[in-house]
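The values are calculated or read from the model by the stated rules, or taken from the named source; none is laboratory data. Note that this is a predicted model, so its numbers are computed, not measured. Note that each Cβ is placed from the backbone with ideal geometry, even for glycine, and that neighbours are counted across all protein chains shown.
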Amino acid sequence: MEQDTITYDSLENRPLPKWLTDQRDGLNKYQPETLEMKEDKSLSVSFIITGAIILLVVTVLTIYILRKNRKNST
Amino acid sequence: MKPIYLKILIISGILSLACTTKVSEWVLLNALPNEYILAYYHKDPLTETIKQHNSGISLDIKSANIQFKSILKKNLDRPYYALYYNNRLFSRYYDYRELENLAVSPLREKIAGELMAGKLCVMLYLKTDIAEKDEPGLRLVKKTVTASPFGKIIPVIELSRNSMEEKHFASMLLNVESDLKDIREPMLFGIFARFKALEPLLAKGISEENINLMIDFLTADCSCLIKDNLPGTDILFTNNWENPAPALVNRILDENPSLLHH
């Protein structure tokens, strides 16, 4: 926070010390991270994957049972 | 309880305390003052007389935040002493007698006594010795400090920038910023911790609002942002800062929780 090179044209315009302006503007405080809400797609992804797995299992089982029945009838 | 859990509990306790310690107290307990360098520049070998003078100077500043060095330098008109702080030249002295009381003086002892007694800070009003300039600002400082809830733990001390007895102290204060020596206006320095002087308020900057902001700065929780970038200049003084009295600011804040701020 050194202010070694202070430039100003008159005493009226001399900048205030940095510690003071930081205190005034609340910049000395720890700034907590601002949390932003992001779109949550995990539920839809979960539904799609579950649906796909169910369809796959039903298809595999249907084919398996149909083949088995055909084998038994011959 | 497992020892690891106990350690975690103790460490988190210490961390939570560190974050609620006030700026003035944290800096006093934890921040070592930066060191000055006093250099003796000479082109000829040191004579016995000069060695004696220099060992006398070393003895005088032995317990202060300063190092003394002799530096051989060619193309020198005459030998001199130079006082540096963070690579900034503060003063030059051409006679060893000018260095008398460099590291100690009555007012510095008084201020250190106040800081060690647990006071929040000392507000040092550096006067120009022009009454029309000095008096209004001084009245405002005293009125604002008296009206502050922390007024009782903030002594206001006056010093003339022309004081001979405190010439080294006044010179160090006027070196806190590079342009202060050329500004003939009253200045208000907040001195806290181990004799750290904040960049001053001066002329019309000495206002009720700014004085209260200075008090707010020193009574706020010591955030990492402040710890990593401490403002101010350490004044040359003895390094004996062991066992200060408990900070009085905590008692006031305990009695008036509404004054707590971050």
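The residue of region B:194-212 that is surrounded by the most Cβ atoms within 10 Å (Cβ to Cβ), among those that are closer than 16 Å to A:Asn28 by Cβ and more than 7 Å from every other protein chain (Cβ to nearest Cβ), is B:Lys196. Of all residues in region B:126-135, none satisfies being in contact with a helix residue (DSSP H, G or I) (Cβ under 8 Å, 6 or more places away or on another chain), under 26 Å from B:Leu259 (Cβ atoms) and polar (S, T, N, Q).
Of everything in region B:105-121 that is of a type in the set (A, V, I, L, M) and either surrounded by fewer than 19 Cβ atoms within 10 Å (Cβ to Cβ) or assigned to a helix (DSSP H, G or I) (or both), the residue that is farthest from the chain's Cα centre (by Cα) is B:Ala117.
B:Ile215 meets the conditions (1) in contact with a Leu (Cβ under 6 Å, 6 or more places away or on another chain); (2) surrounded by 14 or more Cβ atoms within 10 Å (Cβ to Cβ); (3) within 29 Å of B:Glu132 (Cα to Cα) in every case but one. The failed one is (1). Within region B:83-99, being under 18 Å from B:Glu166 (Cα atoms) and surrounded by 13 or more Cβ atoms within 10 Å (Cβ to Cβ) holds for B:Leu83, B:Phe90, B:Ser91, B:Tyr93, B:Tyr96, B:Glu98, B:Leu99. Please work out which residue is farthest from the chain's Cα centre (by Cα), limiting yourself to region B:219-229 and to residues that are surrounded by fewer than 18 Cβ atoms within 10 Å (Cβ to Cβ) and not in a helix (DSSP H, G or I). For region B:219-229, the residue satisfying everything is B:Ser223. Among the residues of this structure, B:Ser160 does not count as one that is away from every other protein chain (no Cβ under 11 Å), hydroxyl-bearing (Ser, Thr, Tyr), within 24 Å of A:Gln23 (Cα to Cα) and touching a helix residue (DSSP H, G or I) at 6+ places or on another chain (Cβ under 9 Å).
Of all residues in region B:52-87, those satisfying the criterion of being within 26 Å of the chain's Cα centre (by Cα), of a type in the set (Gly, Ala, Ser) and farther than 19 Å from B:Phe169 by Cβ are B:Gly56, B:Ser58. The set of residues in region B:64-97 being in contact (Cβ under 8 Å) with a residue 40 or more places away in the chain and part of a loop (DSSP other than H, G, I, E, B) consists of B:Asn65, B:Asn86. Pairing residues of region B:221-232 that are within 7 Å of chain A (Cβ to nearest Cβ) with residues that are modelled with pLDDT under 80 and crowded, with 18+ Cβ neighbours inside 10 Å, at Cβ distances under 8 Å and at least 6 apart in sequence or on separate chains, gives B:Ser223/A:Asn28; B:Leu225/A:Asn28; B:Ile226/A:Asn28. Taken over region B:172-213, residues that are in a loop (DSSP other than H, G, I, E, B) and of a type in the set (A, V, I, L, M, F, W, C) amount to 7. Here B:Asp216 passes the criteria (1) at the interface with chain A (Cβ under 7 Å from one of its Cβ atoms); (2) charged (D, E, K, R); (3) assigned to a loop (DSSP other than H, G, I, E, B) except the one numbered (3).
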